[in-house]
Each structure stands twice: as structure tokens, then as C-alpha cells.
1. Which of the residues that make up region B:146-181 are buried (at least 17 other Cβ atoms within 10 Å of the Cβ) and within 22 Å of B:I97 (Cβ to Cβ)?
2. Kindly check whether there is at least one residue in region A:85-93 that is surrounded by 18 or more Cβ atoms within 10 Å (Cβ to Cβ) and under 28 Å from A:V222 (Cβ atoms).
3. Take B:K132 and decide whether it is assigned to a loop (DSSP other than H, G, I, E, B), charged (D, E, K, R) and either surrounded by fewer than 21 Cβ atoms within 10 Å (Cβ to Cβ) or more than 10 Å from chain A (Cβ to nearest Cβ) (or both).
4. Can you confirm whether A:P125 is touching a helix residue (DSSP H, G or I) at 6+ places or on another chain (Cβ under 6 Å), open to solvent by 10 Å² or more (accessible area, probe 1.4 Å) and not aliphatic (A, V, I, L, M)?
5. I'm trying to understand the selection: among the residues of region A:26-53, which are touching a Leu at 6+ places or on another chain (Cβ under 9 Å) and either of a type in the set (V, I, T) or not assigned by TED's automatic domain parsing to the domain that holds A:E170 (or both)?
6. Can you tell me how many residues within region A:39-67 are open to solvent by 30 Å² or more (accessible area, probe 1.4 Å), in contact (Cβ under 8 Å) with a residue 40 or more places away in the chain and either more than 21 Å from B:I97 (Cα to Cα) or at the interface with chain B (Cβ under 7 Å from one of its Cβ atoms) (or both)?
7. Looking only at region A:89-110, which residues are at the interface with another protein chain (Cβ under 7 Å from one of its Cβ atoms) and out of contact with any Asp or Glu (no Cβ under 6 Å at 6 or more places or on another chain)?
8. Hey, can you tell me all the residues within region B:135-147 that are more than 7 Å from chain A (Cβ to nearest Cβ) and part of a helix (DSSP H, G or I)?
2 protein chains.
Amino acid sequence: MTKLWNATPAGEPPGPTARTELRRHPERGSHDRAVIDAILDEAPICHVGFAGPGGQPYVVPTIHARVGDVLYLHGSPASRALRTLGAGVPACVTATILDGLVLARSAFNHSMNYRSVMVLGTMTPVEDPAEKDAAFRAIVEHVAAGRSLEARMPSPEESRKTLVVRIPVEEASAKLRTGPPKDDPKDMALPVWAGVLPLRLVALAPEPDPSLDLPLPVPPSVLGYGPARGSVGG
Amino acid sequence: MTKLWNATPAGEPPGPTARTELRRHPERGSHDRAVIDAILDEAPICHVGFAGPGGQPYVVPTIHARVGDVLYLHGSPASRALRTLGAGVPACVTATILDGLVLARSAFNHSMNYRSVMVLGTMTPVEDPAEKDAAFRAIVEHVAAGRSLEARMPSPEESRKTLVVRIPVEEASAKLRTGPPKDDPKDMALPVWAGVLPLRLVALAPEPDPSLDLPLPVPPSVLGYGPARGSVGG
């Protein structure tokens, strides 16, 4: 079995190059910003990691949005995760898109097709109201493109009640696997089906809020969801 | 906007209860092992977090498998991520299933429907060959149920070439959100469509390995993929 990603955690001197260097399966890696940005933009959520007391790591799923060279996360000021991140701690944001199961003839060569980005750096809180508003808009658009034109955007009070943190997309790398399984030559004649089972995150039929009294049509943000993310029949 | 999960990282005394206590949105939380196990078993991958040099956190996507009260990860001994984990460091394994976009009338109340599990603890390497074999089997079965009866299972040499680490499913909690959006009373009359756009990870048509010479039928592990994970038309 091949794990998804062999990261670069230990035994290397600190520094951007060493920390995001792609050691294992370098053919799967990329520092190409276009590749990195496309993955960050397509992945609906990310997982952010940071250290709590005693060095205990925490990994929390959250919504993100990229604006140029900056990645934004947000949450309640009452959230200890967000408060910790807002205090300016080292963090790692990883966004992963699962594209398929890779079924080899041997269990050892099983894998996944995936696209993943890891962003290392330090989170800082966003204080500037204009940047915060832009981040809100980006986050809403990240959830569903066009939604910021439909929903009521945050009031000043709601803005104050939300903590937004930022991390630069600088020390970042992408890693991806595509294509069929790679079996050992000695296994090629085994009578075992091998191939890829593609996986796709698709949108099903929208479910209107039961409390929706008005006869409102399903809006563009919902009708047009995807296409990069995929939709059934769309 | 509501973030997915407010974890419990800071300002609390160490200890299982404090670290996995569900502070924000406790109604979304659960310490029910049946709930935790179901999420771990359905999520095709997880994200594992651990600290590298200088306290820099790393979050790496990887395949996992649960056997009773133990969660297994695996990888190459050449992987620094796996080597770091195998050295017995504090880790956090988070597995998240995204169930839908929650589109409220206000941007502020947008959210996601999701199910997520966080397991805290210390990774230890699996040395016992029988446990390692059982872990291999569980990992292959986690990728695709039934696959361990189809693929060639690891040779002793392949087993030696794979590092398996374990973490107990003890200090664990689940967090989930379901149902329609929750708007503020003052927003209920806004002419904004609100509802849920369900998302599902589905399997598309299998793609046989181009180098597959034998006329082998698509096997049960592929035909029966899901159903908890969903398949188009299945």
C-alpha cells in the first residue's frame, strides 16, 4: 500500500525549501503556483493543523478561501482553535481532493489518485475592515460561486463577531497522483483485476429550507455548482 | 459564516476530557463510540497532524483503517512523516466527511453539513508481524471492502518495507452538523433562496488498467463500492 503523501517533517534544517521539499515520489510534486492555486480553489474545505498546550497537535476541518497570495480562514472569536491561530502560531493548511482508488494487482501497490496542497507558515489575524470584508466575500464565493451576490453580506456587528486569519501562500507545495496502478513486473500476469475507480464529489438535488415561504427559484450559485467540483448530470 | 469545527486547543489543562471537550456548538458533538467508529469507517482518507522541528505542524492526508479500538496508518519507512509518527510523537488524526453546503439567507449563517472525528494520542509503531498483517488487511478493506480477497497480499519483504503505526481510539470525539440553515429571525423574510446543497463522494465508471491483458470481470470490491460512500446509480 502506498500512502498518499510522504511529508517532510523531520531531520531537515528549517527553511522554506527544506520544509516543503518533495522527497518521496518527487515526480508527484509541484511548486507551480498555478497547480497549487487550482487545488486550493477547488477543494471545498481544508484541514488546518496547529499545536496546542504541551505540543499536542490539533487538526481541524474548516472552510478556506484564497485571494491572490493569501489564504483566509475564519471562525468565531469564541473558538479556541481560531483564537490560537489568531495569536500568530505556526500552522499547516492542507487541502486534499480525492480523485480515485488505485487498485493494483498487489495490495502493496494500492494507492489513491489525489491532488493535495500543503501551506506552511504563521497565521495572523486580519484587522483591516476592508481586507476582512474582502475575505468574507471570498469565503462565501469559495463555498458557492455567485453566492455573495445573493446572500445578505455581513453587518458590521457580524464582522466584529467573526475572527479572520490569514496565511501567505508562499511556503507551499502540491502533491498529486494520477493514472493507472503500477504493479511489479512479476505481478502483471496475476489474474487480478486492476484499475482505477474514479471518485467525484458531486452535488445532488438542492433541498430548499422548509421555512422558505417565498416561491424563490433555485439561484445561480446552486444551479451552477461546480463544474470543477462536479455535479450529477452537470 | 460558521466554521466547521471549533476545536479545543488552548487554555485548558491537559487531559482527555479537557482536550476533547466540545465547547462550541456542543449540540453538534458526540463522544459516542458508535458515531465515532461509523465516521472513521466511512471516511476514505484522514488527515494526520504532528509537529516537526521547531514546533512546525504538518498535516498530511493518508489512508487509515480502524480495527476495534485501534486506528492504523501506514507508509514507507523512507517517509519522514511516517518515521516521525513511528517515533512516538503526539498526533491528531482527523477524518471528515462533507455532506453538503448550508446556504443561509445571510452570509454569516452559511455553513457546511459534515461529520468529522478527531482522535488525539501518541502514535506507536506496530512491530508484531501478526498485528501488522491484520493492519494491512484492514487498510486494504478500508480502501475497498472485499479487496483483500482479490489482491495479492503483502509478502514478508513488502511487510518489512512498510511502516505501520497505531493510535488508540480513546481520546476521540465526533462533531457533525445536519439539517437546514438557521437564519436570524430578522432575515427570514429576505427574498433570498436558502437551503442545503447535498454533496456526495460517488464512484464513477471503473477504468481498467490499460495493461490488463486478461478478460477479467470488474470484481466485487469495485462493483459494490459504497454504499455508505455512495455510488452513481448504486
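1. B:R147, B:I167, B:V169, B:E171, B:A172, B:S173, B:A174, B:K175, B:L176, B:R177, B:P180, B:P181
2. Yes; the residues of region A:85-93 include at least one that is surrounded by 18 or more Cβ atoms within 10 Å (Cβ to Cβ) and under 28 Å from A:V222 (Cβ atoms).
3. Working: assigned to a loop (DSSP other than H, G, I, E, B): no; charged (D, E, K, R): yes; either surrounded by fewer than 21 Cβ atoms within 10 Å (Cβ to Cβ) or more than 10 Å from chain A (Cβ to nearest Cβ) (or both): yes.
So B:K132 fails the test.
4. Values: touching a helix residue (DSSP H, G or I) at 6+ places or on another chain (Cβ under 6 Å): yes; open to solvent by 10 Å² or more (accessible area, probe 1.4 Å): yes; not aliphatic (A, V, I, L, M): yes.
When the stated conditions are applied, A:P125 passes them.
5. A:V35, A:I39, A:I45, A:V48
6. Of the residues in region A:39-67, the ones open to solvent by 30 Å² or more (accessible area, probe 1.4 Å) are A:41-42, A:51, A:53-55, A:66-67.
From what's left, in contact (Cβ under 8 Å) with a residue 40 or more places away in the chain: A:41-42, A:66-67.
With either more than 21 Å from B:I97 (Cα to Cα) or at the interface with chain B (Cβ under 7 Å from one of its Cβ atoms) (or both) added as a condition, the list becomes A:66-67.
Residues flagged as open to solvent by 30 Å² or more (accessible area, probe 1.4 Å), in contact (Cβ under 8 Å) with a residue 40 or more places away in the chain and either more than 21 Å from B:I97 (Cα to Cα) or at the interface with chain B (Cβ under 7 Å from one of its Cβ atoms) (or both) within region A:39-67 amount to 2.
7. A:P90, A:A91, A:C92, A:T94, A:T96, A:L98, A:L101, A:L103, A:A107, A:H110 - these are the residues of region A:89-110 that are at the interface with another protein chain (Cβ under 7 Å from one of its Cβ atoms) and out of contact with any Asp or Glu (no Cβ under 6 Å at 6 or more places or on another chain).
8. Residues of region B:135-147 more than 7 Å from chain A (Cβ to nearest Cβ): B:135, B:137-138, B:141-142, B:145-146.
Selection gives B:A135, B:R137, B:A138, B:E141, B:H142.
The values are calculated or read from the model by the stated rules, or taken from the named source; none is laboratory data. Keep in mind the model is a prediction, meaning the values are calculated, not measured. Positions of Cβ are generated from backbone atoms using ideal geometry, with glycine treated the same way; all protein chains shown enter the neighbour counts. Ligands, DNA and RNA are excluded from the accessible area calculation, which covers all protein heavy atoms including side chains. Shrake-Rupley method; radii C 1.70, N 1.55, O 1.52, S 1.80 Å.
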